[in-house]
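To start, the structure itself, in structure tokens.
The values are calculated or read from the model by the stated rules, or taken from the named source; none is laboratory data. What you see is a predicted model, and the numbers here were worked out from it, not measured in a lab. As a convention, Cβ positions derive from the backbone with ideal geometry for all residues, glycine included, and neighbour counts pool all protein chains shown. These accessible areas exclude ligands, DNA and RNA; they are computed on the full protein's heavy atoms, side chains included. Shrake-Rupley method; radii C 1.70, N 1.55, O 1.52, S 1.80 Å.
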Amino acid sequence: MSDPTTPPPVPAGFAPLRIPGWEDFDPARARGGGLRGHWRGFTTAVRIGWATEANWTDPLLFFIYSVAKPVSAALILVVMLEVIGGATSRQYRSFVVVGSALWAMVFSGIAGLAWSILEDRERYRMIKYVYVSPADFLVVMTGRAVARVAVGAMGTIITLAVGVVLLGVPFDPFRVDWPLLAVVTVLGMVAIVSVGIVLGAVVMQTRQEAWQYPEAVAGALFLVSGAVFPLAVLPFAAQVVGLLTPLAWWIEGSRRALLPDSVSSIGGEGSAWLDLTGTVAPSTPEIVVALLVTGAAGTLAAGLAFRSSERRAKDRGLLDQTTGS
Amino acid sequence: MADPAFSRAGPGRRLRPELFVGQADASPQAAADWSRRRILLTDLRAVRGRAYPRITGLFREKSWLFFEILLPFLTTSAFVFVYRALQAPPEYIGFVVLGGAMTAFWLNVVWMMAAQLYWEKDQGNLELYFAAPMNLMSVLLGMALGGMVMSSTRAVAVLVVASLLYGVSFEVDQWLLLLAVFGLTLAALYGLGMILASLFLMWGREAWHTTQLMVEPVYFVSGLNFPVARLGFIGALAVATIPLAVGLDAMRQLAFAGSQVSLLPPLAEAGILVAMTVLFTLAARWSLRTLERRARIEGRLTMRWQ
């Protein structure tokens, strides 16, 4: 059997077929560049994302835009604690400040990819050109999302700094578990971007109020992630949903690394974790393994959802359909 | 003289839209000489036309039921559970639920009033609005009315479901005043939205970020989940300038009779809302004209994606 990649022999007396002017064309360029090509597409998308997000305005103005939202979100919770007062609220202050600071990054990551798709389709009307470019569509969109996560990370760091300097959050760099923080941050970022990819798959199909979907989804996940209150106060079923979410494990791991004496958002009296495992709170290795497993499952599901949505959008002509939403 | 746009033929007085288009006149001056009635009716049609897609859109793509009702309800629930974790008094749960319902209107004002003309510019519709023979305030009013209907569905759903689920008990002594304050809050909110819409005519990409800036920071200073009086001077300033803050404070007092922490009595806050409504509407009219003129001079009306 002949090798399908080998061109058929040219019959005697005929010159091989050539497209005029394409003599120097290298067919390998049309086959995709493998991992190297993906990396190039990804880094270019990150640069474009950053340029779209950040390089057009005064740095001070951009700084205000980036930190006002997470700092205000933390202040809302701090005032709620102060209004109630008492020992419980003092105990929870660090808990909520760290949780709401981390949430800034979650929101940016979830919204990043969805808004990139909506912007490219509805505002800049570039999505069809991105789609037909040699770079992988998912890789490019993920790059755009990562740029927004970087902006969110800035908000997280500033909110933590405000918490330490102005709100009395205890921070001792010698007590921080830096290796744990590094591991959960990397795994957490992957998990956050995965949720963003799922939402990207959704907004590829939807119109109308799609711009507000990331906020709505982030708000819903806020409930089951233990960001600002321990999961133990939720009904059992909601706690189980939280335990299946990588974000809950990421927040628990980050909080454990930054504030070793903090209350656990997963375990504790009346928690599903206590009922299911018999232990008061998960150990550090359990947190890392749980984050790894739930994050891997989430990433796989996100990839499948995005590919499926991409196919459907192509079939139905949604990629270049500007809807005015 | 009878307006030729109307006919008594047929049952009742009927609008004849064909007379608005391509009618033969003696001169361009005559064609432009519209009666007051015709101007008013054209503006009313513009209001209806701009409100129509927002209301009809509710029935077109049903995914909003999930994203606009269920998920915001879960966000509100998160704050309910914060108070539960702190073993707060029950009325605080009610404060959160009421605040959660009112966020629907604020988000609508920010995203679909303030930023709307900016989106329209990006989509190429703004030129059509300016070229059409109508007052641009009609477009803003149409957006506001459509937005109120849209947001009311979400607000009512959050209020009813959360109240039932979390056992919020309202104690209302003055229903009429409560309804009046609610109506005035919406009027003032959408009046503010009209002012912001005209400001957004001037803005470029920062418009997007400004909408972000007007969510959590405004929630914070408006005391969305706690009595605004707890913020002291910042709270007082918010009550004097942000309809959401003053409206929520008044509604909390009226919906939870006996609620102790408030800045002013509900009647005084209703007065502030009346003043805000009048002031914002007049200011919107002035700013729309002024900024439209300035945007024309600076060539910003047709400049996209800058």
Number of the condition not met by B:Thr153 [criteria: (1) under 26 Å from B:Lys62 (Cβ atoms); (2) among the β-branched types (Val, Ile, Thr); (3) at pLDDT 90 or above]: (3)
Looking for whichever is open to solvent by less than 20 Å² (accessible area, probe 1.4 Å) and of a type in the set (Val, Ile, Thr) here; the options are B:Thr103, B:Thr56. Which one fits? B:Thr103
Scan segment A:196-210 residue by residue and report those that are more than 7 Å from every other protein chain (Cβ to nearest Cβ) and within 16 Å of B:Thr75 (Cβ to Cβ). A:Leu199
Scan segment B:62-73 for residues that are at the interface with another protein chain (Cβ under 9 Å from one of its Cβ atoms) and open to solvent by 40 Å² or more (accessible area, probe 1.4 Å) and jot them down. B:Phe66, B:Leu70
Let me confirm something: among B:Ala245, B:Ala240, which residue is surrounded by fewer than 21 Cβ atoms within 10 Å (Cβ to Cβ) and either more than 14 Å from every other protein chain (Cβ to nearest Cβ) or assigned to a helix (DSSP H, G or I) (or both)? B:Ala240
Hey, any hits in segment A:43-62 for a residue that's open to solvent by 50 Å² or more (accessible area, probe 1.4 Å), outside any helix (DSSP H, G or I) and over 30 Å from B:Tyr118 (Cβ atoms)? no
Do you know which residues across segment B:213-236 are hydrophobic (A, V, I, L, M, F, W, C) and in contact (Cβ under 8 Å) with a residue 40 or more places away in the chain? B:Met214, B:Val215, B:Val218, B:Leu224, B:Phe226
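Condition check ((1) open to solvent by less than 10 Å² (accessible area, probe 1.4 Å); (2) part of a helix (DSSP H, G or I); (3) at negative phi; (4) not hydroxyl-bearing (Ser, Thr, Tyr)) across all residues:
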site	(1), (2), (3), (4)
A:Val240	no, yes, yes, yes
A:Asp275	no, yes, yes, yes
A:Thr294	no, yes, yes, no
A:Gly298	no, yes, yes, yes
A:Ala302	yes, yes, yes, yes
A:Phe306	yes, yes, yes, yes
A:Arg312	no, yes, yes, yes
Could we say that A:Phe107 is among the hydrophobic types (A, V, I, L, M, F, W, C), touching a Ser or Thr at 6+ places or on another chain (Cβ under 8 Å) and open to solvent by less than 40 Å² (accessible area, probe 1.4 Å) here? no
For segment A:276-292 the number of residues that are touching a Phe, Trp or Tyr at 6+ places or on another chain (Cβ under 6 Å) and without any contact (Cβ under 8 Å) to a residue 40 or more places away in the chain is 0
Does A:Val96 meet the test of being more than 22 Å from A:Val151 (Cβ to Cβ) and surrounded by 24 or more Cβ atoms within 10 Å (Cβ to Cβ)? yes
B:Asn135: open to solvent by 10 Å² or more (accessible area, probe 1.4 Å) and either within 14 Å of chain A (Cβ to nearest Cβ) or without any contact (Cβ under 8 Å) to a residue 12 or more places away in the chain (or both), yes or no? no
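So that you can scan it fast, the table gives a plain yes or no per residue for (1) under 20 Å from B:Met137 (Cβ atoms); (2) assigned to a helix (DSSP H, G or I); (3) open to solvent by less than 40 Å² (accessible area, probe 1.4 Å):
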site	(1), (2), (3)
B:Leu267	no, yes, no
B:Thr281	yes, yes, no
B:Ala284	yes, yes, yes
B:Arg289	yes, yes, no
Which ones in segment A:226-238 are part of a loop (DSSP other than H, G, I, E, B) and either open to solvent by less than 30 Å² (accessible area, probe 1.4 Å) or within 26 Å of A:Thr322 (Cβ to Cβ) (or both)? A:Gly226, A:Ala227, A:Val228, A:Phe229, A:Pro230, A:Leu234
Residues of segment A:129-156 being open to solvent by 40 Å² or more (accessible area, probe 1.4 Å) and of a type in the set (Val, Ile, Thr), which ones? A:Val132, A:Val146
Could you list, in sequence order, all residues of segment A:232-283 that are of a type in the set (A, V, I, L, M) and touching an Asp or Glu at 6+ places or on another chain (Cβ under 9 Å)? A:Ala232, A:Ala257, A:Leu258, A:Ile266, A:Val280, A:Ala281
Tally, over segment B:138-153, of residues that are of a type in the set (A, V, I, L, M, F, W, C) and open to solvent by 10 Å² or more (accessible area, probe 1.4 Å): 5
B:Tyr118 vs. criteria open to solvent by 10 Å² or more (accessible area, probe 1.4 Å) and within 14 Å of chain A (Cβ to nearest Cβ): no
Considering only segment B:78-100, I want to know if a residue exists there that is more than 9 Å from chain A (Cβ to nearest Cβ), small (Gly, Ala, Ser) and without any contact (Cβ under 8 Å) to a residue 40 or more places away in the chain. no
Considering segment B:220-234, residues that are in a helix (DSSP H, G or I) and crowded, with 21+ Cβ neighbours inside 10 Å, and then whichever is nearest to the other protein chains (Cβ to nearest Cβ), we arrive at B:Phe220
Can you pull out the residues in segment A:166-225 that are open to solvent by less than 40 Å² (accessible area, probe 1.4 Å) and assigned to a loop (DSSP other than H, G, I, E, B)? A:Leu167, A:Val169, A:Val176, A:Met204, A:Thr206, A:Arg207, A:Glu209, A:Ser225
